[in-house]
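Heads up: the structure comes next, in structure tokens.
The values are calculated or read from the model by the stated rules, or taken from the named source; none is laboratory data. Worth saying up front: this structure is predicted, and the values here are computed from it rather than measured. Here the Cβ positions follow ideal geometry from the backbone for every residue, glycine too, while neighbour counts run over all protein chains shown. Each accessible area value is taken on the protein alone, full model and side chains, heavy atoms only, with ligands, DNA and RNA left out. Shrake-Rupley method; radii C 1.70, N 1.55, O 1.52, S 1.80 Å.
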Amino acid sequence: MSQSRISTGGLSKMSALHPWRTLVLWVVMVVLAIVSASTINDALTTEGGFLNKPESQKGADLLEDRLRGPDPVVESIIVRSESQTVDSDVFSGVVDGIVRNLESAPGLVSNVATYYSTGNNALVSEDRQATVISVVMAGDLDTAQKRIAEFEALIDDAAAGADSFQVLSVGDASLAEEFKVIAEEDLAKGEMIGLSVAVVILIAVFGTLVAAGLPIIVGFLSILVAIGLAALVGRTMELSFFIVNMIFMIGLAVGIDYALFIISRYREERQRGHDKLGAIEIAGSTASKAVLFSGATVVLALMGMLLVPETTFRSLGVGAILVVIVAVFGSLTLIPAMLSLLGDKIEFPRVRHFRASVARTPDTTKGFWPRVTRVVMAHPLISLVLASGLLVALAVPYFDMEKGSSGISSLPEGTHSRQAFEMLAKDFPAGMVSPVEVVVDADLSKPSVVESIDRFTASLAGSGQFGDVSVIANEQGDLALVSFPLTVAPDGPAALDQIGIIRDQLVPAAFSSANASVYVTGISAISLDQNAMVETYMPIVFAFVLGLSFILLTVAFRSIVVPAKAIVMNLLSVGAAYGAIVLVFQKGYGADLLGFQQTPTIESWLPLFLFSVLFGLSMDYHVFLLSRVREHYDVTKRNSESVAYGLQSTAKLITGAALIMVAVFSGFASGRLVMMQQVGFGLAVAVFLDATVVRSVLVPSSMALLGDRNWYLPKALSWLPNLSIEGKVHLPELPVPVFSATSTSGDD
């Protein structure tokens with residue numbers, strides 16, 4: 001038995017010979033996964049966090065250790081009346097009623113500050129018709145989030161009789177809960193849209209209901225098992241709740257696609273006259289092996305996200321890696337077992353037509369894509385220049401990208417938190433809900449330190465860019481907190497610019513003569529540090545992913561030209577996706593038409609995230625396409641004919657697989673969260689371009705121009721193992737493509 005069959009072919013045959021044992025194994029896995037998945041909410045968090053120590057994290061740690069303990073969960077309740085002022089008894093009665101309700105709930109709040117209890121005029125609007133109640137929730141963010149519904153119900157109850165008053169709240173817990181609820185709604189909507197379109201495409205590709213149903217089953221089981229595994233991983237490391245969205249999105253895409261490739265190869269081999277077990281084993285030795293290498297490439301690309309020291313990045317990477325591994329395992333074991341049990345029933349309700357076609361060589365030379373292939377390969381240089389030019393032109397807007405982070409202003413219009421924020425921003429500094437915090441680590445008894453703090457607060461007041469400043473010190477006298485709001489939204493580009501001015505100009509100027517360590521923290525500072533972190537780790541992740549992918553593809557295809565071209569082409573499609581995101585979301589072209597929300601910034605983590613995911617997914621099509629090209633080339637040694645054969649034999653399959661991915665990603669892009677819109681749109685655009693422009697134009701044109709040089713491997717690397725993804729196929733089993741191209745280098 002060949003080395004190929006000892007691996008994926010042998011595993012497929014074993015699963016097919018013992019289908020019930022395989023199914024029992026999967027039933028046990030699914031049951032355990034359901035039990036584990038039922039506890040996933042306890043294992044996830046809505047909080048992000050750095051795993052290294054940027055300036056904002058150092059400042060936050062000092063505040064926690066030496067001033068106030070864990071970061072307080074603050075909610076701001078805005079009370080406004082068009083007919084009353086804060087000086088009236090009616091207004092004070094409404095505020096007092098809210099406070100009494102909140103303090104009556106055991107363990108709900110730890111501190112409530114109002115204008116009436118503190119005399120702080122910063123809590124009153126200029127027209128004195130609005131005030132802010134500052135509430136510190138009891139416990140950490142997760143605890144407060146679980147009780148935010150009770151918190152809001154108590155506020156509504158207290159304000160129920162005050163018809164002339166508007167009462168809304170916004171803050172850490174309410175924002176986290178609103179993001180979570182919308183994310184769950186977007187997830188359900190994305191599933192419904194993606195799954196519905198995927199079913200239609202699968203029926204169109206296979207022409208039978210049973211064959212179309214198997215990839216759906218594998219996709220959902222992969223998702224379920226991956227969620228169960230994520231719940232276990234969440235017990236050992238902090239994971240963001242966005243991991244569930246990631247598992248569903250990637251699981252539906254790759255789970256369905258991998259099963260689609262294997263089932264299609266099985267049906268193809270049955271049509272060539274192989275019996276059931278023979279067709280399963282051949283599919284296992286070829287398509288399943290391509291799935292294994294494709295999945296390995298995806299996992300390697302996703303591992304780049306694990307290098308970034310930030311909770312959300314690593315959570316998304318862990319979720320995607322888990323579901324890809326499970327999907328590959330399901331494709332290599334569950335699919336052969338189900339094919340063994342179903343046999344020709346997989347063709348229901350078209351069994352008779354299928355049996356009549358057995359032993360008849362499928363014609364892959366007719367249709368749209370074969371015609372495109374012939375045109376492209378007849379004019380390879382022109383095709384290469386035009387396709388590359390299109391992708392480069394689409395990528396150009398990337399250089400105008402403004403990076404930031406989702407905040408209150410990115411929530412959909414009409415949501416509770418956004419309404420509250422907009423009402424707050426009308427009468428108070430926009431950054432009041434997320435103030436800047438400057439931490440001074442120094443001996444506060446020294447005059448030079450006191451003078452420096454005074455100089456710093458004076459510079460803030462004189463700039464006109466910030467709200468009222470407060471200064472507090474710890475009991476030990478070795479740490480001071482200077483707190484103040486920005487006058488701009490804390491999640492916008494202007495806020496990041498202000499943080500830069502504070503760090504680079506105001507702090508050095510004020511503390512130049514003091515022996516003090518000064519750290520700027522707060523939401524805006526965290527966003528700026530996150531941008532810097534992404535910029536730092538992007539070249540590291542790129543080098544890691546590109547290097548490992550090059551090595552894997554070199555071993556897989558025994559060529560250094562194939563992986564080099566694949567990397568360049570994938571970078572072109574990723575760059576085009578970046579540019580399209582900037583055009584639509586940042587510049588607004590087509591945003592209204594597509595139902596997207598225009599934003600001043602693109603998520604700072606998005607380019608690095610999209611690169612890792614897209615590079616892996618794009619390699620799917622390259623691996624499947626090039627494995628069929630190499631399969632024919634190893635037998636014929638005719639390059640142009642092999643390229644045409646590979647493209648023609650995979651055109652319908654890869655087009656269907658790409659449409660499924662585009663449908664799944666578009667479904668998630670249809671949600672209300674801007675970050676998910678950007679992710680889904682970027683993934684959909686890149687996959688579409690990769691499966692059309694790259695696969696149908698760049699690949700054949702470049703391979704036609706290079707000829708036999710496509711398969712060049714230096715003699716110094718001849719020791720590499722011959723893994724032969726395409727398996728061993730005999731020439732009589734291969735259809736001869738109806739193709740006549742201009743002679744290219746290396747063709748006989």
Distance (nanometres) between label positions extended 7 Å along Cα→Cβ at L386 and M192: 4.2 nm
Intensity falloff of the range 236-277 expressed as log10 I(q)/I(0), Debye formula with alpha-carbon point scatterers, at q = 0.21, 0.22, 0.24, 0.30 Å⁻¹: -0.72, -0.75, -0.80, -0.94
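With +1 on each Lys and Arg Cβ and -1 on each Asp and Glu Cβ, and nothing else charged, work out how big the dipole of the range 584-689 is about its Cα centre, in Debye to the nearest 20.
Numbers: 7 positive and 6 negative charges, 31 e Å.
I would put it at about 160 debye.
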Histogram of C-alpha separations across the range 383-475, 10 Å bin width, %: 11, 24, 21, 20, 13, 8, 3, 0
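Note down the net charge around P721, summing +1 for each Lys or Arg and -1 for each Asp or Glu among other residues with Cβ under 14 Å from its Cβ.
That sum, taken over residues with Cβ under 14 Å, equals +2.
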Accessible area (Å², 1.4 Å probe, nearest 10) - D504: 120 Å²
Label-point gap, in nm, between S88 and E103 - each point 7 angstrom along Cα→Cβ: 2.4 nm
Mean Cα-pair separation over length for the chain, i.e. relative contact order, pairs under 8 Å, 6 or more apart, %: 19 percent
Percent of C-alpha pairs per 20 Å bin, the chain, short to long: 16, 43, 27, 13, 1
Proximal lysines to K403, defined as alpha-carbon separation beneath 28 angstrom and excluding residues fewer than eight positions away on the same chain: K53, K58, K180, K189, K426, K587
Residues in the range 514-542 reached by a label modelled at D443 [backbone nitrogen below 15 Å; 7 Å Cα→Cβ]: 514-517
Mean projected area in nm² (Cα convex hull; one quarter of hull surface) for the range 158-198: 4.5 nm²
Whole-number percent relative contact order across the range 197-339, with pairs defined as alpha carbons under 8 Å at least 6 apart: 35 percent
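I'm a student and want to see the number: the projected area of the Cα convex hull of the range 475-581, averaged over all directions, in nm².
Numbers: hull surface 45.7 nm².
Over all viewing directions, the range 475-581 projects a mean Cα-hull area of 11.4 nm².
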Accessible surface of H274 - all protein chains present, 1.4 Å probe, nearest 10 Å²: 50 Å²
Surface accessible to a 1.4 Å probe, K403 within the full protein complex, Å²: 40 Å²
Calculated FRET value between V450 and L51, using beta carbons and R₀ = 30 Å, to 0.05: 0.25
Heavy-atom accessible area order for T286, T312, largest first, 1.4 Å probe: T312, T286
Charge sum, other residues only, whose C-beta stays under 13 Å from Q166's C-beta, Lys/Arg counted +1 and Asp/Glu -1: -3
Modelled FRET efficiency - R0 56 Å, L32 with V375, Cβ distances, 0.05 increments: 0.60
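Quick one: net charge of A577's neighbours, Cβ under 14 Å, K/R +1, D/E -1? Walk me through the numbers before you get to the answer.
Details: positive: none; negative: E603, D690.
After counting each charged neighbour, the total is -2.
How much length is gained if the chain between D478 and V396 is pulled fully straight, taking 0.36 nm per residue apart and subtracting their Cα-Cα distance, in nm to one decimal?
24.5 nm
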Percent of Cα pairs exceeding the 18 Å cut-off, where the set is the range 468-533: 43 percent
Given K13/K345; K13/K565; K289/K715, the pairs whose alpha carbons are separated by over 24 Å: K13/K565; K289/K715
Only Lys, Arg (+1) and Asp, Glu (-1) charged, at Cβ; the chain dipole about Cα centre in debye: 5120 debye
Difference of contour (0.36 nm per residue) and Cα-Cα distance, D592 to L209: 134.2 nm
Residue (of V694, G255, H274) at the positive-pole extreme of the chain, dipole from beta-carbon charges: H274
Modelled FRET efficiency - R0 56 Å, L67 with A160, Cβ distances, 0.05 increments: 0.90
Nearest-20 debye value, the range 369-479 charge dipole, Cβ charges on Lys, Arg, Asp, Glu: 1120 debye
Selected from P54, V518, L316, residue furthest toward positive end of dipole (the chain; charges at beta carbon): L316
Over the chain: helical MRE at 222 nm, DSSP H runs n ≥ 4 each giving -39500 (n - 2.57), nearest 500: -20000 deg cm²/dmol
Against the rule of thumb 2.2 N^0.38 Å, how large the Cα Rg of the range 22-152 comes out: 1.55
